[in-house]
Amino acid sequence: MTRSDIPSSFRLAYVPGVTPTKWVRVWHERLPDTPLELVQATAADAPGLLAGHGADAGLVRLPVDRDVLAAIPLYTETTVVVIPKDHVATAAEEVSLAELADEIVLHPLDDVLDWETLPGRPAVERPATTADAIELVAAGVGVLLVPQSLARLHHRKDLTYRPVPEAPESRVALSWPQAEEAPDLVEEFIGIVRGRTVNSTRGRAATPPRPAQAKDKAKDRSKDKTKDKAKRTGAGGGAGGARSKSAAGRKPQSGGRTGGQGGKRGKPRGR
């Protein structure tokens with residue numbers, strides 16, 4: 001891909017409950033010159049948005065059509081039941097589906113859980129959205145089962161939630177339009193969500209130094225080697241010079257003594 005072919009920005013779709021903040025932060029650190037645009041989409045609309053190239057990639061809820069979209073599962077969410085804070089179920093750490101048998105369980109039209117059989121008793125009509133269902137729970141009309149992230153997204157002071165281990169779970173994935181090879185920026189984002197380092201062989205290759213930079217680095221290394229050699233040579237010569245100077249400053253002890261004694265012997269004695 002030539003430099004002119006590289007997209008000027010990266011469009012990332014995400015569905016309610018998914019928080020891309022940490023990955024977006026890493027993106028800005030690694031690719032500061034490539035803006036990342038966040039595109040909000042409902043869980044139902046996200047696959048069509050990606051298939052129509054309305055976004056380069058998306059954080060979506062599975063399943064998606066694998067003939068149209070590629071997908072990498074990222075994590076699975078715990079399903080919880082949203083209930084009023086004064087509900088009897090708040091006394092337990094988790095709730096079974098059997099304990100919801102007598103409850104009106106709301107089933108919004110944008111539900112993201114794949115139910116074979118809905119628990120509890122059905123409401124007279126289905127709420128249009130999860131947000132509408134939350135309002136009905138707060139009004140005491142019924143209870144609602146959703147992925148934990150959606151319970152947090154629609155948090156209210158008068159409501160709480162408890163895990164329901166037997167309920168279907170929602171899986172979140174990174175998805176993009178099918179192609180023989182993922183586009184460069186999609187591959188970059190895949191590396192980020194998978195925790196690859198900057199120097200990973202599957203991430204973007206490090207930019208090679210320009211010829212001038214390479215030449216400067218070679219000169220610096222040559223200078224460093226010369227300095228090291230000079231230091232080693234200077235250290236040896238200094239020690240040798242010190243020894244020579246010290247030796248020259250000392251008089252030969254034996255010669256001095258011999259000369260002195262010889263002088264005394266050579267002097268004629270008076271008779």
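The values are calculated or read from the model by the stated rules, or taken from the named source; none is laboratory data. Owing to the predicted nature of the structure, the values given are computational and were not obtained by experimental measurement. Here Cβ is always computed from backbone atoms with ideal geometry, including for glycine, and neighbour counts include all displayed protein chains. What goes into the accessible areas is simple: the full protein's heavy atoms, side chains included, and nothing from ligands, DNA or RNA. Shrake-Rupley method; radii C 1.70, N 1.55, O 1.52, S 1.80 Å.
Data overview
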{"item": "Within region 97-126, tally of residues that are buried (at least 19 other Cβ atoms within 10 Å of the Cβ) and of a type in the set (A, V, I, L, M, F, W, C)", "result": "4"}
{"item": "Condition check for LEU74: of a type in the set (A, V, I, L, M, F, W, C) and either part of a loop (DSSP other than H, G, I, E, B) or open to solvent by less than 40 Å² (accessible area, probe 1.4 Å) (or both)", "result": "no"}
{"item": "Among the candidates THR21, THR34, residue that is under 20 Å from the mean Cα position of the chain (by Cα) and open to solvent by 40 Å² or more (accessible area, probe 1.4 Å)", "result": "THR21"}
{"item": "Flag if THR90 is more than 34 Å from the chain's Cα centre (by Cα) and among the β-branched types (Val, Ile, Thr)", "result": "yes"}
{"item": "Hits in region 175-197 - residues which are among the small types (Gly, Ala, Ser), outside any helix (DSSP H, G or I) and either under 15 Å from the mean Cα position of the chain (by Cα) or surrounded by fewer than 14 Cβ atoms within 10 Å (Cβ to Cβ) (or both)", "result": "ALA179, GLY195"}
{"item": "Residue in region 96-129 that is farthest from PRO163 (Cα to Cα), counting only those that are of a type in the set (Gly, Ala, Ser) and assigned to a loop (DSSP other than H, G, I, E, B)", "result": "ALA128"}
{"item": "Matching option when the condition is closer than 20 Å to PRO20 by Cβ, small (Gly, Ala, Ser) and modelled with pLDDT of 95 or more, among ALA173, ALA167, ALA101", "result": "ALA173"}
{"item": "Counted residues, region 139-174 - those being assigned to a strand (DSSP E or B), in contact with a helix residue (DSSP H, G or I) (Cβ under 6 Å, 6 or more places away or on another chain) and farther than 22 Å from GLU99 by Cα", "result": "1"}
{"item": "Matching option when the condition is touching a residue at least 24 places away in the same chain (Cβ under 8 Å) and in contact with a Lys or Arg (Cβ under 8 Å, 6 or more places away or on another chain), among ASP114, ASP132, ASP158", "result": "ASP158"}
{"item": "Single residue of VAL15, VAL68 found to be of a type in the set (A, V, I, L, M) and either free of Cβ contacts under 8 Å to residues at least 12 places away in the same chain or touching a Lys or Arg at 6+ places or on another chain (Cβ under 7 Å) (or both)", "result": "VAL15"}
